[in-house]
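Written below as structure tokens is the structure these notes are about.
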Amino acid sequence: MAVSVRSILTSVHQVKQLHHRYFITNNNPMNVGSILNGDSPPDNDDSITFPGQDSKQPPLHSRQSINDLLNDSPAGGRPLNQVQKHHKVEANLGASASDTSKFHSSDMLNGPSLASSNEDELESVEKVETVKQERSDDNIGAKNGGKPPVKGNQLVESELERINKLKLTSKKPHRYTTPPIWAQEWIPPSQSGRRDAGVVFAAPTQETGASATLSQKPVFDRSTTVSADLECLITGVIPPQSVVRTIAEWIYANFVEIAVENRPYVELELKFGTIVDQVSGHRIDIGVSTECIYTRGAEARFEMGVHEVGWNDMKTFLGELEKSYQDENRKNPTKPRQKFSVLETDNTDYFFLNTERNEMPKKIRITKDNSLSPPRYTGILKKRLSDLYIHNPSSMYDLRLSLSLEFPIDESSVEPIMRKNKPTLTRIKRRTSWRHPPTVTQFDFTMVLLPKTTRNKLGKNVTEHENTHELELEIDTKEIFKGFDKIRDGSDTIRFEELVEVFLNNARCLNNRVTKLASK
């Protein structure tokens, strides 16, 4: 027998009415069956709690009120809210007919008067719920821009359509063709080939009327800050540069070991080249960006030489300085007529390993002056004392500071050495030397020709020359030893380090010049 929804709601409402009349207490509990069967409560007045009154003793966790049982509230849990009650009633309404047939109104309660009153209350409750639903629909429509409310199935379908549209229209995250400036890794210009690698300056904008680049004005205006309102630092004494101080200490330590009689034969020179790693065969990369002293000499080698374009540009640079100096001091009789003294030579060096009885082999260099006729031969026994590598990752080239002793060989011994031995290496040197006494420096620009003999198809010997270009700076050893002696006798402790710094600054100047050329 089918049961209508209204009959089920009527039965539930009747049970709730009975619950208000007979409330379950801790002392005299009544089960659900007693209430549904219409049994009377116990005679104990204390066990009855009327609506609106609180129980004197809290209910046990194992006992529940009829309201909790009807709403399926768990023991000791919170009562269901209005939304949960609404879903619970819908679930009960959707139960099978066999389960709901147990709650027929004629089986539970008798009397038409009670049923009619319950029907009136149910109609009023349904009207209230209908009004609430209409108001909620109006609110949803207002939120949707005046559109009618969307039902559950339609809402799910609309959300699915929206997700599908997003899948179709969605794009992958934007990938930069070049990383933004904040994500770029700084690369030394020596490795990137650009002096301004990794640095981008904004162009002038019309809005501001000025450029976003750094100011080209000098930081310190010498015309107003010297001896006026700015001091070099709090002590008034400029601290030495760490690289210059290290080089000066290295030179001083080696000079101590040199005998006084050997001072005329000392050669101290800076050569341009690159420090190459022994394993990779490339220029070293030790994770620094500024000039420093490289101490792992056993793990690297120094390759002398500069590029021909840079070599010519540095020679042109010295020529421009000479011309500018002469134009400025043409009418000044107190100044020298020339800034540099220039000397050109054309020599051929022959290297021999000369062996004598009970002596170690000696490396001897015999130089032939090609500008004289007949040519003149001079011999030198060169002993390398020490090397110091100066790494310049922000410049085109590194430097090697070499300290050597060059002992002249008697002219009578030159011819026997050349007759008994074969040269291990031959170098043709065409050199231009620029000597500048105010900075105790001599600049040697050398074009080296290395002859190589090969045989052609006819079996004849053919000599070809491989051209390389070298640049080295030599310091005036007489002046540097004077500064060394002043430190030892305590008369002047600054002169020696000043000479070293001036000598190193000349090398830096040329290195910066060729680096700027390479960045163009």
* Structure fact -> Scanning the stretch 283-321 residue by residue, the ones that are acidic (Asp, Glu) and either touching a Gly at 6+ places or on another chain (Cβ under 7 Å) or buried (at least 16 other Cβ atoms within 10 Å of the Cβ) (or both) total 3
* Structure fact -> Only unsatisfied item for Lys422, checking (1) farther than 11 Å from Ile366 by Cβ; (2) in a strand (DSSP E or B); (3) open to solvent by 40 Å² or more (accessible area, probe 1.4 Å), is (2)
* Which of the residues that make up the stretch 457-489 are more than 47 Å from the chain's Cα centre (by Cα) and open to solvent by less than 50 Å² (accessible area, probe 1.4 Å)? -> Gly459
* **Check on Leu381, without any contact (Cβ under 8 Å) to a residue 40 or more places away in the chain, open to solvent by less than 50 Å² (accessible area, probe 1.4 Å) and not hydroxyl-bearing (Ser, Thr, Tyr)** => yes
* Asked: Restricting the search to the stretch 386-416, which residues are outside any strand (DSSP E or B) and of a type in the set (Ser, Thr, Tyr)?
  -> Ser394, Ser395, Tyr397, Ser412, Ser413
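The values are calculated or read from the model by the stated rules, or taken from the named source; none is laboratory data. The model shown is predicted, which means the values in this text are computed figures rather than measured ones. Using ideal geometry, Cβ is built from the backbone for each residue, glycine included, and neighbour counts are taken over all protein chains shown. Note: accessible area is taken over every heavy atom of the protein model, side chains too, but ligands, DNA and RNA are not part of it. Shrake-Rupley method; radii C 1.70, N 1.55, O 1.52, S 1.80 Å.
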